[in-house]
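Read the structure below first, then the notes.
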Amino acid sequence: RDLARAEMQGMALVQVIRQNIDNSIEKIDIALRMIVDNLEVDLKSNEKKHDLVFGVMDKIRYLINESEDVSVTDRDGNVVFHMGHNRPYSFNVRDREYFQDIKNGLREYLYVTRPLKSRLSGDDILIFSRGYHDRAGQFAGVVVIPVRIEHFRRQISAFPVAEDSFLSLRSHDLSLIVRNPSRFRDEVIEIGDQARVPGKLREMVGESFQQGTFLAQTPLENVKRIYSVARLSSCPIYIINALSIKSTLDPWRNLCLIVLLMTLLFITITCLSAVV
């Protein structure tokens, strides 16, 4: 009964976090599509409406509190528009995986990277990007909005975590984005780590996976946990709630101990009464 209740509560928490993060990412994606639409209208009309594009980017930058930077590249990866505090004089992203994948047509929808280091700020970030096209329908560049991982850490740290349990976000390849708490027994969990993913989770996740619950022991840790996992509806990021079975069953064990002591006390009193 307690384990079943823990599974339901774990999945309910995951659903709340999913809704919260989905709202943030959908807002970012709307901003990306607005910029893409303005860029493509600019290119199709063959007019250089740079002021209009800059105006849209500037408004979006202040509407999105998840990020302070917005960039647009050309077909060669050169940043041609940039709004934000870390303004580059000359910058190129053609060697980045997200740029190459979008350019090669591997991703036609919202592209979210695995965790990486920003070359401008040095922060750990996720890149959210979309491609845009010219009048002939050919690839013309990408629009990029970086979001610091600290933003996601603040989002999941608002939720309570039991002893030996954790909440985490992992990217499409199960690279760690953020984990709360960030360490167990003074052991730091590095961003991008994939070593602590149960084999069952690797088997479950995929294009058709939406949510699920299973029991497993975390690799490298001798702790059995109930895993509640859900995929964001906006992009392939997984929310994981790993609840320690020990913490879950502690109230049951305490109840068993109390009942046992009460039973022993009753038997003792009954035997003494019989003797008297």
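The values are calculated or read from the model by the stated rules, or taken from the named source; none is laboratory data. If you're wondering where the values come from, they're calculated on a predicted model, not measured in any experiment. Backbone-built Cβ (ideal geometry, glycine too); neighbour counts: all protein chains shown. The protein model used for the area step is the full one, side chains on, heavy atoms only, and it has no ligands, DNA or RNA in it. Shrake-Rupley method; radii C 1.70, N 1.55, O 1.52, S 1.80 Å.
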Which residue is modelled with the lowest pLDDT, if the candidates are limited to segment 87-106 and must be part of a loop (DSSP other than H, G, I, E, B) and open to solvent by less than 60 Å² (accessible area, probe 1.4 Å)? Pro88
Would you please name the residue that is modelled with the lowest pLDDT, looking only at residues in segment 42-54 that are in contact with a helix residue (DSSP H, G or I) (Cβ under 9 Å, 6 or more places away or on another chain), surrounded by fewer than 16 Cβ atoms within 10 Å (Cβ to Cβ) and in a helix (DSSP H, G or I)? His50
Over segment 108-124, the set of residues on the phi > 0 side of the Ramachandran plot and under 16 Å from the mean Cα position of the chain (by Cα) is none
All conditions in (1) open to solvent by 40 Å² or more (accessible area, probe 1.4 Å); (2) touching a residue at least 40 places away in the same chain (Cβ under 8 Å) are true of Val142 except (1)
Positions within segment 236-276 being in contact with a Phe, Trp or Tyr (Cβ under 8 Å, 6 or more places away or on another chain) and not aliphatic (A, V, I, L, M), in sequence order: Asn241
When every residue in segment 188-206 that is over 16 Å from the mean Cα position of the chain (by Cα) and modelled with pLDDT under 70 is compared, the one least open to solvent (accessible area, probe 1.4 Å) is Ala195
